Every structure is written in structure tokens, then in C-alpha cells.
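The block underneath contains the structure these notes are about, expressed in C-alpha cells.
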Amino acid sequence: MGGEPRAGTTRLPRAVWIDSTGMWNHNAGLPPSVGLLLEWRRGADPRGQPAWEGLVIWANSHREGTWSSGCTWIRAACIRPMAASDWRA
């Protein structure tokens with residue numbers, strides 16, 4: 001993902017990684033959040049240029065046993081698909 005989604009190529013809902021900074025691997029060592037992509041829409045970036053956004057639900061672990069969750073529209077650059085190999089038993 002992280003760019004313009006192509007119609008029909010992303011089955012929804014879909015498990016994804018979310019990095020709200022969009023910097024991937026440069027987020028002060030913090031891991032990305034686990035999320036669920038529900039929908040795509042055309043939006044605008046901070047400069048008003050057309051951009052894709054995804055509606056996501058996510059969960060964050062702040063410390064052992066403490067979790068938070070949320071739901072929002074986020075830039076496509078902040079969303080990456082989760083591969084089957086990302087799931088650990």
C-alpha cells in the first residue's frame with residue numbers, strides 16, 4: 001500500500017501495519033501498530049494535494065498489560081499490508 005491503491009487489488013477488511021509518522025524504521029525505535037484497514041477514500045495531504053487515505057482500527061501496547069485502540073483516517077504512506085509470515089503463534 002503506501003501509495004495509490006488500485007481498484008480491486010485490496011480485499012477489505014485487511015490486516016495491516018500502521019506507522020503514524022510514515023517514516024518506517026525511523027520512529028525512535030518504536031514498532032508499528034497492528035491495525036485493520038476497513039476502507040479507502042480520496043483525501044488531501046496537508047498541502048491540499050490529492051492523496052489516498054485508509055480508515056483503520058488499531059491497537060497499541062504501551063507497556064505490559066496496557067493497551068489502547070482507536071479508529072481514524074490515515075495517509076496511505078502510513079499503512080502497509082501484513083503478510084501471513086508476520087503472524088506468530
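No lab work stands behind these numbers, since they all come straight from the coordinates. Just so it is clear, the model here is predicted, and its values are computed rather than measured. Neighbour counts are summed over all protein chains in view; Cβ atoms, including those assigned to glycine, are modelled from backbone coordinates with ideal geometry.
Each of LEU12, LEU55 has some number of other Cβ atoms within 10 Å of its Cβ, and from fewest to most they run LEU12, LEU55. A Förster distance of 35 Å, applied to the separation of the beta-carbon atoms of ARG42 and ARG63, puts the FRET efficiency at 0.40.
Residue separation of ARG11 and LEU55 scaled by 0.36 nm, minus their Cα-Cα distance, works out to 14.5 nm of gained length.
In terms of other Cβ atoms within 10 Å, TRP87, TRP73 run from fewest to most in the order TRP87, TRP73.
Residues SER20, SER68, arranged from fewest to most other Cβ atoms within 10 angstrom of their Cβ, appear as SER68, SER20.
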